[in-house]
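We did not get these values from a lab; they are worked out from the coordinates using the rules stated. Source: prediction; values computed, not measured. Cβ placement follows ideal geometry from the backbone for every residue including glycine, while neighbour counts extend to all protein chains displayed.
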Amino acid sequence: MASTRAWLLDDSPTSLLQANLGRSYRIVLALMRNPLAVIGAIIIFVLIITALFAPLIAPFSPIGQDLANRLQPPGGTHWMGTDELGRDIFSRIVYGARITLTIVALVAVIAAPVGLLVGAIAGYFGGWVDRVMMGITDVFLSMPKLILALAFVAALGPGIENAIIAIAITAWPAYARIARAETLTFRHSEFIAAVQLQGASPFRIIVRHILPLCTSSMIIRVTLDMAGIILTAAGLGFIGLGAQPPLPEWGAMISRGRSFILDQWWVATMPGFAIILVSLGFCFLGDGLRDVLDPKQGDKL
Amino acid sequence: MSPPLLEVENLRVSFPSPQGRVEVVRGVSFSLGKERLGIVGESGSGKSMTGRAILKLIRSPGKVTADKLMFDGLDILAQSEKQMRAIRGARISMVMQDPKFSLNPVMTVGAQIAEALVTHTKLPRAEIKARVLSMLEAVRINDPERVAGLYPHEVSGGMGQRVMIAMMLIPEPDLLIADEPTSALDVSVQAQVLDIIDDLVTSKGMGLILISHDLNLVSRYCDRILVMNSGEVVESCVASELSNAQHPYTRGLLAAMPQMNETREELPVLDRSAWAGT
Amino acid sequence: MNAITLTDLDISYGETQITHDINLSIAEGESFALVGESGSGKTTVLRAIAGLAPEWTGGISVLGQERSHGVDRQFARICQMVFQDPYGSLHPRKTVDASLGEPLAIHGIGDRANRIEAMLEAVGLDRRFRFRFPHQLSGGQRQRVAIARALMLEPKVLLLDEPTSALDVSVQAEILNLLKRLRREQNLTYLVVTHNLPVVSFLCDRLAVMRYGRIVEVADVAQLKSGQLANAYSRELYAASGGTLVQQIQD
């Protein structure tokens, strides 16, 4: 173990792989010095494990009804109680982690690359390309996110896939703005001029030289946005436009627990706690990443 | 021989780093009267840190220690922050390198110079205005009324630096520390600015510490020179005797500079292993 | 054939005209300096030749080929540029190996590993620097990488924008020696922009003094060394740069 560490921290790497791994390792080390970031990372890790191993972790089926046992308070058999159809809430939350993770990952995977590309191209070329692309971006940005998502879902029909697409459509403009701002900061720097002078095509410059520099701020922004995405998905689920029953989506669970909130508080609050915890986890991790990947600290990382 | 204006003994400045505490100034000692002292060194030599330590501008996590750091009988290390504020500007001033970064971009030039006076004295507005204008004239700015109303981005580099000097000298301090005052300026303007500093310092009987990486410059405008390398003073000599410098680092530095009348095929390069330099 | 010929070159940037009527001929194998203060337009001339300042009228020809107004793939093989700021001229996320390999990849030149190692040796960098990132290099080392990068495509003409201004004196000496040696070994033509007259004296054969976008004097370096510059502004610059004391120590 010690020699692996030494290999990673070697000042004079002998291969590109070693250099890149070393750099990632140093970032992780720096991140680990921040207690909140560690907490955030643990929460996210738990989320991922829960989602992956849901069948092994959940004691009951998430959709199996047991009307004789409906609305049981948290206790020995049912750690978080049961809902109005007798389903074990804890198991539903565990399976719901899969849905949450799917939504968050798919939105990130769809929206971030699109935003990144639009922003980088706009920032690099400037002129009318910039104006057209930013105009389109501004149109999307000017609409309130939840309402836009609502409109799309209403048009496409309820369901989790459409909810994901709707949220992704509202998320990409912000990433485009960030990518453009980043690109503008080094668009005229000497290292870009140098590679232009070598005869590189704009495509090559954008993909191989500009995009890598935008990734830090993109990672930070996406991580911090995850909380918002979860809440938007929960909001859609709450209104009934996201995941449909009997899928154990956390927002939908809160919605159905509304009617019992005074006497059987656990039906609505348990999923609420889950949402808060996961959002917090992403926020802590995102903050920690921002401190560690801060461009002002240089090109250290 | 007047009592020294500044006495520094075994000054040490250290900063934390991933490898433990690193000393950037390692045991610097010198004393300064009402004369012009030049501190020369390359980047990383600790010369700027020495200047900042005198003004107690180094904040934690940096640490400053010294056996003695006395300014005109006052123990700098023992002064509270409030007491230091009364000293900075009024008794010790500092001119920095780039007026682009050291002047407040949203205040006019005149307002900034006036601020230096207002902070340390209680004079009526008309008097302050008069002093500002006369100070602008003293730094050889021809149209003081007009220039006083300009913003920093509207003046050239050389003029900005002269404004900086005006700002720093208007409260009539006893000691001026100039940290690379001309490095950001064109060559033809450098001489002007240094002449002004020289003039004012001599006419007001101030002490001057001129920090620079330029050996020639320092030898022209100072009485004594300290050469620093890696946090230590490696040479201390009278400016006119620079060509007879003893320490290999100084001699190496002098030899490595290209001359106006250069005939060498290759420039001699510093052998850093000799004293574990940077 | 001339390495670089500039004819009636007027370069503008938006509304402002930066240079006026620049006429210069630089022979192959020559080391020529463009000297001036900030605002003289010297860097702009360099950028126009490289294709980074496209708004110009007049004529620019390099090694017999007329220059287009923009950047040119073919031109990259005959002329390259070394920039001033070692801290800004290397891509912060690319290792030395990647930065040096990029021009090879763009032009489809093979034998990558050998060429990179050969170039590192030529600029005096040990092999252990090959996979470092720029923030792990000192200013002088970065400038060596920048020079190596410029030479990867084996150009005949090198444009140098204040190559040592941002470096310490001791490091400057090393880089100047390196530049002089490389020029001799590869028979390169240099066009050096600088405000530092002693550097011109060491590195160059001829110089042109620029002021407010015009050339006020073209002289031989011998004239510079003996202080026999003709133009009044040139003499002013000379006097302001004069290093009197240190002259005595030279052996």
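With q set to 0.07, 0.08 Å⁻¹, the log10 of I(q)/I(0) for chain B, from the Debye formula over equal scatterers at the Cα positions, is -0.27, -0.35.
Label separation (C:S165 vs A:A154): 6.1 nm, computed from points 7 Å beyond Cα along the C-beta direction. Comparing Cα centroids, region B:39-57 and region C:162-180 end up 24 angstrom apart. For the pair B:K68 and B:D271 in one chain, pulling the backbone fully straight at 0.36 nm per residue adds 69.7 nm over the alpha carbon distance.
Taking Lys and Arg as +1 and Asp and Glu as -1, the other residues whose beta-carbon sits under 9 Å from that of A:P212 total +3.
Loop-located trypsin sites (Lys or Arg not before Pro) in region A:1-42 (DSSP state other than H, G, I, E, B) with a sparse environment of at most 14 neighbouring Cβ atoms within 10 Å: A:R33.
For region A:22-297, a Kirkwood radius taken over Cα pairs fed into Stokes-Einstein (10 °C, viscosity 1.306 mPa s) yields D = 78 µm²/s.
Between B:K100 and B:Q246, the modelled labels are 4.3 nm apart [label points 7 Å from Cα along Cα→Cβ].
Shape class of chain C from the Cα gyration tensor (axes a ≥ b ≥ c, square roots of the eigenvalues): oblate, since a/c reaches 1.5 or more and a/b does not exceed b/c.
Give a quick list of GluC sites (Glu not before Pro) in region C:1-89 that DSSP marks as loop, anything other than H, G, I, E or B, with at most 12 other Cβ atoms within 10 Å. Of the GluC sites (Glu not before Pro), the ones in loops of region C:1-89 whose Cβ has at most 12 other Cβ atoms within 10 Å are C:E15. Volume of the convex hull of the protein assembly as shown (Cα atoms only), normalised per residue: 225 Å³. With both residues required to sit in the protein assembly as shown, DSSP beta bridges show an antiparallel share near 55%. Between the alpha-carbon centres of region A:1-26 and region A:27-70 there is a gap of 31 Å. Over 21 Å between Cα atoms, which of B:K56/B:K82; C:K156/C:K180; B:K47/B:K68; C:K42/C:K94 qualify? As for pairs spanning more than 21 Å Cα to Cα, those are C:K42/C:K94.
With all pairs of different C-alpha atoms in the average, the Kirkwood value for the hydrodynamic radius of region B:107-196 is 13.3 Å.
The lysines whose alpha-carbon is closer than 19 Å to the alpha-carbon of B:K204, local same-chain residues fewer than 8 away aside, are B:K34.
Take the Cβ atoms of C:E66 and A:F125, set R0 to 22 Å, and the FRET efficiency comes out at 0.25.
Candidate cross-link partners of A:K145 among the lysines, defined by an alpha-carbon separation under 16 Å and a same-chain spacing of 8 or more, are absent. Give me the distance between the Cα centres of region A:185-244 and region B:64-118, rounded to whole Å. Taking the Cα centre of each part, region A:185-244 and region B:64-118 sit 44 Å apart.
Looking at chain B, which longest stretch skips every one of the GluC sites (Glu not before Pro) that is in a DSSP loop with at most 11 other Cβ atoms within 10 Å, leaving the sites themselves out? Value returned for the longest uninterrupted segment is B:1-264.
Note on A:E84 and A:F273: with the Förster distance fixed at 22 Å, the Cβ-Cβ geometry gives a FRET efficiency of about 0.75.
Counting Cβ atoms of other protein chains within 10 Å of each Cβ in A:186-193 and taking the mean gives 6.
As a proxy for reagent exposure, A:K145, B:K34 were ordered by neighbouring Cβ count within 10 angstrom, fewest first; the result is B:K34, A:K145. Applying both filters, DSSP loop and at most 10 other Cβ atoms within 10 Å, to the trypsin sites (Lys or Arg not before Pro) of region B:94-193 gives B:K122.
Averaged over residues, the count of other Cβ atoms within 10 Å places the peptides B:246-257, A:170-181, A:7-18, B:192-203 in the sequence A:170-181, B:246-257, B:192-203, A:7-18, highest first. Restricting attention to chain C, close to 55% of DSSP beta bridges with both partner residues there are antiparallel.
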